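What follows is a short report on a single structure.
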Amino acid sequence: MARKKINDEFRGNRIVTDQEVIQSKIKLAEECAHELRSNVIQAQQREDGVYELRITPETTRMDNIVFNPDAIIEPPRKRRGAKATEGCCGGAAMAALDAEVAAPKK
């Protein structure tokens with residue numbers, strides 16, 4: 001999929017002659033290549049539920065913290081001066097509906 005997109009973009013930009021545009025497209029291509037090399041891995045399923053990952057030295061690695069299912073996750077604290085909200089959207093949908101109902105009809 002990525003290879004096809006790259007080839008399509010190349011063919012679509014073959015007629016570009018402005019050096020600044022060419023340099024900006026080269027820079028974008030290099031940034032995209034770096035992003036793909038460092039943040040995308042390939043995985044292939046070997047058995048049921050077992051995958052083999054292709055991780056290169058360029059792959060970005062982060063600390064792997066095991067999730068604790070017994071952890072107590074506290075709700076976020078309310079900001080100072082924030083009104084108590086209910087329902088989805090923080091009550092914004094009901095507030096908009098109330099405002100529309102209260103508005104004088106034209």
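The values are calculated or read from the model by the stated rules, or taken from the named source; none is laboratory data. Everything quoted here is computed from the prediction, not taken from an experiment. We place every Cβ from the backbone using ideal geometry, glycine too, and count neighbours over all the protein chains shown. Remember, those area values only see protein heavy atoms, side chains included, never the ligands or the DNA or RNA. Shrake-Rupley method; radii C 1.70, N 1.55, O 1.52, S 1.80 Å.
How large is the helix-only mean residue ellipticity at 222 nm for the chain, computed as the sum of -39500 (n - 2.57) over DSSP H runs with n ≥ 4, divided by its residue count, in deg cm²/dmol to the nearest 500?
-13000 deg cm²/dmol
Just the accessible area for Val40, please: 1.4 Å probe, Å², rounded to the nearest 10?
The accessible area of Val40 comes to roughly 80 Å².
Assigning unit charges at the beta carbon (Lys, Arg +1; Asp, Glu -1) and nothing else, what dipole magnitude in debye, to the nearest 20, does the chain show about its Cα centre?
That gives a dipole near 480 debye.
Looking only at Arg80, Arg61, Arg46, which one moves most when the chain is put into a Gaussian network model with springs between Cα atoms under 10 Å?
Largest GNM mean-square fluctuation: Arg80.
Which of Gln42, Ala2, Thr56 sits farthest toward the positive end of the charge dipole of the chain, with +1 on the Cβ of Lys and Arg and -1 on the Cβ of Asp and Glu?
After comparing all options, I get Ala2.
Send over a whole-number figure in Å² for the accessible area per residue of the chain, probe 1.4 Å.
I get 104 Å² per residue for the chain.
Relative contact order for the chain: what is it in percent, counting Cα pairs under 8 Å that are at least 6 residues apart?
About 12 percent, as a whole number.
Select one label from (1) 0.94; (2) 1.23; (3) 1.14: the one whose number is Rg/Rh (Cα atoms, Kirkwood Rh) as derived from the coordinates shown.
Matching the structure shown: (2).
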